[in-house]
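K.L.:
The following block contains the structure, expressed as structure tokens.
The values are calculated or read from the model by the stated rules, or taken from the named source; none is laboratory data. As the structure is a prediction and not an experimental result, all values here were calculated from the model. For neighbour counting, all protein chains shown are included, and Cβ atoms are generated from backbone atoms with ideal geometry for every residue, glycine included.
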Amino acid sequence: MAFQPPTRPDIQNQQKKILEELNLRKQLLKSGTAQTLNPSALNSPIGVSVINSNPTGDNPMPNLARAAHANSLLQHANSTSFGYFITQESLFGNNILAVLPRFNEGK
């Protein structure tokens with residue numbers, strides 16, 4: 001059984017489906033209803049992914065709540081540890097960094 005390359009109509013149909021799916025996602029993201037969908041419904045068969053730092057659109061309240069939570073975590077870490085912690089903005093979730101002093105070894 002030899003490999004059969006896809007025919008031109010098959011490729012065009014596949015491209016049309018991909019474009020329709022992308023347009024649907026674009027409309028959902030603009031309207032803000034994409035967050036209510038099942039995450040598996042947004043998985044792309046073509047490997048397209050979207051990174052959105054503010055998933056709720058124009059509403060800044062989740063960012064304020066997140067900042068307040070991060071501040072309380074920072075205060076808790078500083079009060080219960082011998083070390084010192086600083087904050088940083090990070091896309092990876094590590095927003096609190098430990099600052100460790102250098103100890104000089106005896107000469």
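K.L.:
Can you confirm whether Pro45 is in a helix (DSSP H, G or I), modelled with pLDDT under 85 and exposed (fewer than 10 other Cβ atoms within 10 Å of the Cβ)? Don't jump to the end; show me each part of the working.
P.N.:
Working: in a helix (DSSP H, G or I): no; modelled with pLDDT under 85: yes; exposed (fewer than 10 other Cβ atoms within 10 Å of the Cβ): yes.
So Pro45 does not fit the description; no.
K.L.:
With the requirement that a residue be loosely packed, with under 11 Cβ neighbours inside 10 Å and either touching a His at 6+ places or on another chain (Cβ under 7 Å) or modelled with pLDDT of 75 or more (or both), what does the range 54-68 give you?
P.N.:
Within the range 54-68, Leu64, Ala65, Ala68 qualify.
K.L.:
Of the conditions (1) part of a loop (DSSP other than H, G, I, E, B); (2) modelled with pLDDT of 75 or more, Asn78 satisfies every one except a single condition; which number is it?
P.N.:
The single condition Asn78 does not satisfy is (1).
K.L.:
Let me ask something else. Using beta carbons and a limit of 6 Å, which pairs, at least six apart or on different chains, have the first residue in the range 1-28 and surrounded by 10 or more Cβ atoms within 10 Å (Cβ to Cβ) and the second one modelled with pLDDT under 90?
P.N.:
Correct list of pairs: Ile18/Ile46; Leu28/Ala34.
K.L.:
I'd like the full set of residues that are under 14 Å from the mean Cα position of the chain (by Cα) and touching a residue at least 24 places away in the same chain (Cβ under 8 Å), limited to the range 85-107.
P.N.:
Restricting attention to the range 85-107, the residues satisfying the condition of being under 14 Å from the mean Cα position of the chain (by Cα) are 89-94.
Result: Leu91, single match.
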